[in-house]
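A short worksheet on the structure shown next.
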Amino acid sequence: MLRHASLIKLLFNRELSEMYISAALRDLALSMSGIFIPLYLLVDLDYSLSKVLLFFLLYGIAVTLSVIPAAKFTSRYGVKHGILISMFGLIIYNISLVTLPHYNLFFIPAVLSGLSTSFYWINFHADFAKFSDKKNRGREVSIWFITAYMSILLGPILGSIIITYMGFITLFVIVSLIFMLSAVPLFLSSEVYEPIEFSIRDIFRRSHLKETYFYVTYGIRMMVSMVVSPIYIFFLLTQYISLGAIASLTALGSMIIGYFVGRLSKDEKKERLMLRYGSLFHSLGLFFMVFVRTFVQIAVVNVYLAMSFIFIDIPHYSMMYTKARKQRNMMGYIVFREISIGIGRVLGVLLILLTGKLILGFIVSGITMITWFFI
């Protein structure tokens, strides 16, 4: 009975509930379109693989360089206004994707996407770190993940059906409308503006540096899931609906395992243990990707990858929010984390480019290049 009462209390934390609903709608929109963006550029617009990678390189650079301005904005105007800026940025980003075939300035949507990403996560993390409960932080993170994956469960398959039967332009219009809707829950209550202290010198504290490696490699992994995996799976299966179905299956696996991982995340010792073993098993899954060829094989390995990564992700976020709250300057630590991940995003794309340039010279098929990258 006490356990259920505690869960109800977590769900009715007003600030977090608004964030859960807004994040779920945003994740629905992103999951409908996100994994298909590399293919929109590669297949529909007939960009070369190197040009697609350049698009995401510019995205990674934009994320990294806009983190500090985003934090400055938040410290002056408040979290909810920062997230609203992000949502409108994503709407303009989708409009720029629709018009991209006409003006071909692909750096514009790349930069817009990067700016929106940094503005969103700086504000989301600041809000979550501030309003989450220390004793229940692991469970609160798992609730966030479960609500997110409930949206992601529907998004990819829905997006793939829209692309197949109505095209990318219809998808981008629908996604833009959902982004607009995702801003509404944040303003069900007024912005209680409390200035958030932020100083650039607090980004580069020596105590943060030991975590740089983890965050950089985390950013590299983000680019694998955002760019490499969708292209690789599409090369193998050649159908948007197959790609969408696999993405939805992985979300289901993540949602199921996320509940149990959240219950295990009770103290830092257990969280560190889960993170270490999760990293080991996840890396094995990436190696298995080299050998998959059929829909069933790809689905099984991707579900395994998603479930193993939950053992990294939930403990990581719980520990990150706990550490942020312990800092004299909470925002300084969050900015340090986002810059480190942004550097990882950039390095991830550069590694893919180097893999193709040094090992294969982009002469062979893209699927061979990506196979080497997974190794």
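Apart from one condition, LEU105 fits all of (1) more than 16 Å from the chain's Cα centre (by Cα); (2) part of a helix (DSSP H, G or I); the exception is (2). One residue stands out among those in the stretch 292-320 that are under 17 Å from the mean Cα position of the chain (by Cα) and of a type in the set (Phe, Trp, Tyr): the one that is surrounded by the most Cβ atoms within 10 Å (Cβ to Cβ), which is PHE311. Can you name the residue in the stretch 224-242 that is more than 18 Å from the chain's Cα centre (by Cα) and not β-branched (Val, Ile, Thr) and, of all such residues, is nearest to PHE288 (Cα to Cα)? If we take residues in the stretch 224-242 being more than 18 Å from the chain's Cα centre (by Cα) and not β-branched (Val, Ile, Thr), then TYR232 is nearest to PHE288 (Cα to Cα). Looking at ARG276, is it more than 21 Å from the chain's Cα centre (by Cα), surrounded by fewer than 21 Cβ atoms within 10 Å (Cβ to Cβ) and either modelled with pLDDT under 85 or of a type in the set (Lys, Arg) (or both)? So ARG276 does not fit the description; no.
In the set (1) in contact with a Leu (Cβ under 7 Å, 6 or more places away or on another chain); (2) surrounded by 16 or more Cβ atoms within 10 Å (Cβ to Cβ); (3) more than 18 Å from GLU338 (Cα to Cα), the condition left unmet by PRO101 is number (2).
Yes/no matrix, rows are residues, columns are (1) under 21 Å from the mean Cα position of the chain (by Cα); (2) among the hydrophobic types (A, V, I, L, M, F, W, C):
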{"position": "LYS51", "(1), (2)": "no, no"}
{"position": "PRO69", "(1), (2)": "yes, no"}
{"position": "VAL79", "(1), (2)": "yes, yes"}
{"position": "ILE85", "(1), (2)": "yes, yes"}
{"position": "PHE88", "(1), (2)": "yes, yes"}
{"position": "TYR93", "(1), (2)": "yes, no"}
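Within this structure, ILE68 fails the test of being surrounded by fewer than 21 Cβ atoms within 10 Å (Cβ to Cβ), over 21 Å from GLY342 (Cβ atoms) and touching a helix residue (DSSP H, G or I) at 6+ places or on another chain (Cβ under 9 Å). Go through the stretch 338-375 and give me each residue that's among the polar types (S, T, N, Q) and modelled with pLDDT under 70. SER365, THR368, listed by residue number.
For the stretch 129-173, a residue qualifies if it is without any contact (Cβ under 8 Å) to a residue 12 or more places away in the chain and either crowded, with 23+ Cβ neighbours inside 10 Å or in a helix (DSSP H, G or I) (or both), and the qualifying residues are LYS135, TYR165, MET166, THR170.
Only one residue in VAL296, VAL290, VAL335, VAL300 is part of a helix (DSSP H, G or I), farther than 24 Å from ILE152 by Cβ, β-branched (Val, Ile, Thr) and modelled with pLDDT of 85 or more, so which one is that?
Working: VAL296 fails: farther than 24 Å from ILE152 by Cβ; VAL290 fails: modelled with pLDDT of 85 or more; VAL300 fails: farther than 24 Å from ILE152 by Cβ.
Unique residue meeting the criteria: VAL335.
Screening the candidates GLY285, GLY258 for the property of being small (Gly, Ala, Ser), without any contact (Cβ under 8 Å) to a residue 60 or more places away in the chain and in a helix (DSSP H, G or I) yields one hit, GLY285.
The values are calculated or read from the model by the stated rules, or taken from the named source; none is laboratory data. Model, not experiment: these values are computed from the prediction. Heads up, the Cβs are rebuilt from the backbone with ideal geometry, glycines too, and the neighbour counts pull from every protein chain shown.
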